[in-house]
Amino acid sequence: ITPSVLQALALVEWQFTPVVDIVLTSAAPHLSELKKMFEDFPLEVNLHIDIDDMAKRMLQADLAIGAGGTTSWERCSLALPSILIVLAENQMVIGRNLERAGAIISLQVNDTTVANIKNSVEKLAGDEIAYRDMSLSASAICDGAGATRVARELVNG
């Protein structure tokens with residue numbers, strides 16, 4: 001789905017010049033073809049492979065575009081506005097519920113045409129109130145203190 005996301009980002013009429021960080025594993029399919037896309041890409045793109053500082057990178061980001069799954073909760077915990085792309089059936093409920101809560105924009109993989117991704121990015125980039133509200137809604141979903149609460153329960157038992 002990364003090529004579609006990149007195509008969409010290239011079509012957005014930006015009021016600023018964004019830096020696009022792509023985080024993948026070395027096992028990502030079509031990695032060499034993806035790298036070729038960057039050669040003539042109109043935005044600054046940084047490709048990160050097998051990183052170990054994802055939380056730091058998410059803290060520095062203004063917007064995340066990614067699959068559903070466990071990173072959905074991390075993005076919420078960091079109040080990071082997100083466009084979630086449902087890539088597997090087990091992610092559908094997560095996407096639907098987080099979108100109902102106002103924490104994300106959810107796109108099904110069959111809805112991820114370049115136009116839909118572009119429109120979703122433009123919605124957040126062009127509406128400061130919607131962006132802020134999404135951030136606040138995301139932070140209300142997951143506060144990131146779950147491990148502390150579990151540890152407290154184990155100790156106080």
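The values are calculated or read from the model by the stated rules, or taken from the named source; none is laboratory data. Just so it is clear, the model here is predicted, and its values are computed rather than measured. Counting neighbours? That spans all protein chains shown, and the Cβs are built from the backbone with ideal geometry, glycine included. Quick note on the areas: whole protein, heavy atoms, side chains included, nothing else; ligands and nucleic acids left out. Shrake-Rupley method; radii C 1.70, N 1.55, O 1.52, S 1.80 Å.
Here are a few things to note about the model shown:
- Structure-derived Rg and Dmax of the Cα atoms in Å - corresponding label in (1) 16.5, 59; (2) 18.3, 58; (3) 18.5, 70: (1)
- Two-site FRET efficiency, Gln15 against Leu136, from Cβ-Cβ distance with R₀ of 25 Å, rounded to 0.05: 0.65
- Taking all protein chains as they are arranged and a probe of 1.4 Å, the heavy atoms of Val155 leave approximately 120 Å² accessible to solvent.
- Across the accessible surface of the chain, with the other protein chains kept in place and a 1.4 Å probe, carbon and sulfur atoms take up 52 percent.
- Note on the chain: helix-only mean residue ellipticity at 222 nm, from DSSP H runs of 4+ residues weighted -39500 (n - 2.57) and normalised by residue number, equals -14500 deg cm²/dmol.
- Per residue, the accessible area of the chain comes to 61 Å² when a 1.4 Å probe rolls over the protein heavy atoms.
- Probe 1.4 Å, all protein chains present, accessible-area order of Asp133, Asp21, Asp40, largest first: Asp40, Asp21, Asp133
- Within a Gaussian network of the chain (alpha carbon springs, distance under 10 Å), most fluctuating of Val93, Val114, Val20: Val93
- Applying a DSSP loop filter and a limit of 15 other Cβ atoms within 10 Å to the chymotrypsin sites (Phe, Trp or Tyr not before Pro) in region 1-69 leaves Trp14, Phe16.
- Note on exposure: Cys142, Cys76 ranked by accessible area (1.4 Å probe, complete protein assembly) read Cys142, Cys76, with the most exposed listed first.
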